[in-house]
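Take a look at the structure below.
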2 protein chains.
Amino acid sequence: MGKLSETIAAISTPLGEGGISVIRISGKDAFRITGKLFSKTKEGTTGLDFSEVQSHTIHFGYLISDGLVIDEVLISVFKNPNSYTGEDVIEISSHGGVLVTQKVLSAVIRSGAIHAEPGEFTKRAFLNGRIDLSQAEAVADLIKAKTDEAHNSSIKQLEGSLSGFINGIREEIIKVTALVELELDFAEEDVEFTKKDELRNKCREIIHNLVEIISSYISGKVIRDGVNVVIAGKPNSGKSSLFNALLKSDRAIVSDISGTTRDYLEESFIIDGILFNLTDTAGLRLTEDIIETEGIKRANEKIRNADLVIYLIDSSGGKNELDSGLKYFNENLNTKNSIPVFTKSDISSAEFKKLNYKEKILAINLNDQKTLSFLKKGMVDRVSSSVPVVQSGKIILTNLRHKICLEETVASLKNVIISIEKNMSGEFISVDLRNAMKHLGEITGEVTNDEILNYIFSKFCIGK
Amino acid sequence: MGKLSETIAAISTPLGEGGISVIRISGKDAFRITGKLFSKTKEGTTGLDFSEVQSHTIHFGYLISDGLVIDEVLISVFKNPNSYTGEDVIEISSHGGVLVTQKVLSAVIRSGAIHAEPGEFTKRAFLNGRIDLSQAEAVADLIKAKTDEAHNSSIKQLEGSLSGFINGIREEIIKVTALVELELDFAEEDVEFTKKDELRNKCREIIHNLVEIISSYISGKVIRDGVNVVIAGKPNSGKSSLFNALLKSDRAIVSDISGTTRDYLEESFIIDGILFNLTDTAGLRLTEDIIETEGIKRANEKIRNADLVIYLIDSSGGKNELDSGLKYFNENLNTKNSIPVFTKSDISSAEFKKLNYKEKILAINLNDQKTLSFLKKGMVDRVSSSVPVVQSGKIILTNLRHKICLEETVASLKNVIISIEKNMSGEFISVDLRNAMKHLGEITGEVTNDEILNYIFSKFCIGK
């Protein structure tokens, strides 16, 4: 990433054709660079001094480069520190074409800005103290949110709910640490034992609160990333048809020919507020076709990494086919969170009962919407039963990095308790308390390093 | 489309994940609707009166609906008539996620705005007299521009170059019409004959200017829409490989198995400033495979509509294969603007000369970049030879609608000349002159109807 002394620029709106696109510029030269390119009239001379206009104002005019008008634009002016990054910021609003937007950015770069890296504006907002690190991460989550729950949890985190909780815990630890370190100076006095008891209880209380938050991560992960579902089964067992039925679209090409789906297809959809990321896999068979072999390799990989597997067995082949399909399922997939499903099923429920399978099997018939609803309900039930219910209003941990930091905080606090119980000297206790504070500080970014920052911001989109 | 009395809203940035998205609201209730949802603090009450803030100012705060914060936003305020549409306009700049952007729009709709149709903001700009119709069309062209030429011609049209030309011609016709209609009142006087001569010469002069502009349309179409190129040839003749080589990407799946490309693939790229829209077709053979048969049907359709066909003949099959390939080409494609190309060619140029084909054939070998350059040069030459060169600075007609209006103007002016030569009464001449003015007025929108407007604006993106 560029140094803070450099002025960065990027297209901040999604790529593609639209009515408006926004090119954002941040840094000490943002006003000068924009002024060089801007004129209030199309024949006029450029060189408006944006440092002399008021902050939070908008200016209509023409962006001119090498004597040619690139576009009619609106210039929004934000003076430091009252901007997204805390620096001088310009947002150029241009006509939303791909080429015209790139031409505007190119002109800005030629005038002295450098290309912003992914997340670099938000990184600057963090480095300039506008937001803390967990809020910066909430920005990325908010942009990627696909369900109401994901949206709500990221908005709360952006507003500082997690930061508030962390800072509260951190203050408690600071108080405790002060007591311990005070005691180090008066080690001879006899207040020691009651203080140690008090300290141990305090640590237990904090651990209890942290463990509760940590346990919300299983729900948090489902909220943020959704459930990865793979539809698997032998060729021609109806995988693509089910995929389409679930998505209510024609995303996958469906045909009667085995091996139609060569690549795997992925789409997301929402049932009862839960995001399911659905993968349609290539037929699970050995084949001479080199494209399909590659497809099957990738399909097996997908199954291994899935949160939920829907395994389809073609029921039109009769009882023998069903038995062999179930045998394969039981031997290969029953250890995973997986659902066996009989497809192409026009068996009546009475007939189905007679088959007397001990497994809980769904039989679906795509011509019968009700059977599809059963499957959807089954999918939701599987998720709900493995994910703890989180009380509304409570903080939910959605970020693996935060979970790891909290686990390390808990580990440090447990060391404090062990040291107390082993009656070790105050120095040991103090070191572990300071470690606990460090791990908490990593969440909000009070303690950080370049590696962590680069990891976090590289996952942002460009222009944010 | 909505009535002008209604307040419209839409997402104006392209769909997708980005740093910023903009929701635009236009109409008399834009300020009231936004105020209902906006609060300067996250716990605060909504209800800021945006009609009391200054135009062209930006306001940071929270968008709140049903007590829940939807997002941190920036509100840009544009007071009529100084806005894109000429009405009161609000632009809400929110975090650029798909869901969060839709939530903002939903809240705005629930508060009283209606969904804007494609192009409805620009239509309002036209109806409110902010821009004329040819400028509105230039906005759509600017957004879709993919080459520098397309960008320049749409920017000039947006700035009013075409409108200026049309209005100039229109004024000349108005003057002439005034003369004719004055004469109708003094029909007995003997100035008649010299006036008629003068009138005829004036019409001829205008026709001459219009025909020149009309003839620029062939270039204009290439500038605006590019050249549609289809790569055709028997299965396994190297179509997908050439497609990829031209695009320098792996857009098409390439394999050694015939029939890999089932659907057709389209991509655009630019050589020497000319936009080529390239289509890779399914193998042109009869097949039992129903997916491929559908693919071939679509491929033949693509060939029929192409501006340029590159027909590949696999040269690794020896002289017989080459001869039969060329025979097919000469019988089926030589009437089109098409180029026969020998692929997989590692024949030396000396050997190639010996084959002594009378046709101008290119031999390409994808391992030899030079042979690919020859093909690219051949493609550019074909386009250049069939497209007249337009002097820079001249107006270029890029829009079929404008061309038709100008042709109708010319037809009306020719009728004027015929009427003069047939010594017909001034009334006939006057009617044709008025028709000519009407057709010119249709270009800039001085004369228009709902059908034309709906046709034009339906081709815009939503939010523009």
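Which percent, to the nearest 5, of DSSP beta bridges fully inside the protein assembly as shown are antiparallel? So the antiparallel bridges in the protein assembly as shown amount to around 65 percent.
Taking the Cα centre of the stretch A:422-462 as reference, the dipole from Cβ charges on Lys and Arg (+1) and Asp and Glu (-1) amounts to some 120 debye.
Rounded to the nearest 20 debye, the dipole magnitude of the stretch B:385-438 is 200 debye, with +1 charges on Lys and Arg beta carbons, -1 on Asp and Glu beta carbons, and the Cα centre as origin.
Ranked by the mean number of other Cβ atoms within 10 Å of their residues, highest first, the peptides A:86-93, B:222-229 come out as A:86-93, B:222-229.
Between B:Met424, A:Asn300, A:Val180, the Cα set farthest toward the positive side of the dipole of the protein assembly as shown (charges on each charged residue's Cβ, about the Cα centre) is that of A:Asn300. Packing here is the average count of other Cβ atoms within 10 Å per residue, and on that basis the peptides B:198-211, A:134-147, B:366-379, A:398-411, highest first, run A:134-147, A:398-411, B:198-211, B:366-379. Association of chains A and B removes close to 4600 square angstrom of accessible area from solvent, both sides included, for a probe radius of 1.4 Å. Each copy carries B:Pro81; placing its label point 7 Å along the C-beta direction from Cα gives inter-copy distances of 4.4 nm, listed from smallest up.
Solvent-accessible area per residue in the stretch A:8-131 equals 36 Å², computed with a 1.4 angstrom probe and all protein chains kept. Label-to-label distances for B:Lys438 across copies, nearest first, come out at 8.6 nm, using points 7 Å from Cα in the beta-carbon direction. By accessible area, using a 1.4 Å probe on protein heavy atoms only, the stretch B:20-171 has 49% of its surface on carbon and sulfur.
Each peptide in A:120-132, B:7-19 receives the mean, over its residues, of other Cβ atoms within 10 Å, and ordering these scores from highest gives B:7-19, A:120-132. Note on B:Lys195: lysines with a C-alpha under 29 Å away, same-chain residues under 8 apart excluded, are B:Lys175, B:Lys414, B:Lys422, B:Lys438. Counting Cβ atoms of other protein chains within 10 Å of each residue's Cβ and taking the mean over peptide B:42-54 gives 1.
Once divided by 2.2 N^0.38 Å, the Cα radius of gyration of the protein assembly as shown becomes 1.18.
Placing a label point 7 Å from Cα along the Cα-to-Cβ direction at B:Lys40 gives distances to the equivalent points in the other copies of 2.9 nm, listed shortest first.
For the set A:Lys239/B:Lys239; A:Lys42/B:Lys394; A:Lys248/A:Lys376; A:Lys234/A:Lys302; B:Lys156/B:Lys376, the pairs lying more than 24 angstrom apart at their alpha carbons are A:Lys239/B:Lys239; B:Lys156/B:Lys376. Does chain B come out rounded, prolate or oblate by the C-alpha gyration tensor, with a ≥ b ≥ c the root eigenvalues, rounded set by a/c under 1.5 and, if not, prolate when a/b is larger than b/c and oblate if not? Note, shape of chain B comes out oblate.
Would you be so kind as to identify which of B:Asn209, B:Met437, B:Gly67 lies farthest towards the positive end of the dipole of chain B, taking Lys and Arg as +1 and Asp and Glu as -1 on Cβ and the Cα centre as origin? It is B:Gly67, whose Cα lies furthest towards the positive end. Mean partner shielding of peptide B:55-64, defined as the number of other chain Cβ atoms within 10 Å of each residue Cβ, is 3. Classify the stretch A:8-131 from the C-alpha gyration tensor, please: rounded if a/c falls under 1.5, else prolate or oblate depending on whether a/b exceeds b/c. Judged from the Cα gyration tensor, the stretch A:8-131 comes out oblate (a/c at least 1.5, b/c at or above a/b).
For chain B, the Cβ-based charge dipole about the Cα centre amounts to some 1300 debye (Lys, Arg positive; Asp, Glu negative; other atoms uncharged). Per-residue shielding of A:137-145, expressed as the average number of other chain Cβ atoms within 10 Å of the residue Cβ, stands at 5.
The values are calculated or read from the model by the stated rules, or taken from the named source; none is laboratory data. Keep in mind the model is a prediction, meaning the values are calculated, not measured. Positions of Cβ are generated from backbone atoms using ideal geometry, with glycine treated the same way; all protein chains shown enter the neighbour counts. Note: accessible area is taken over every heavy atom of the protein model, side chains too, but ligands, DNA and RNA are not part of it. Shrake-Rupley method; radii C 1.70, N 1.55, O 1.52, S 1.80 Å.
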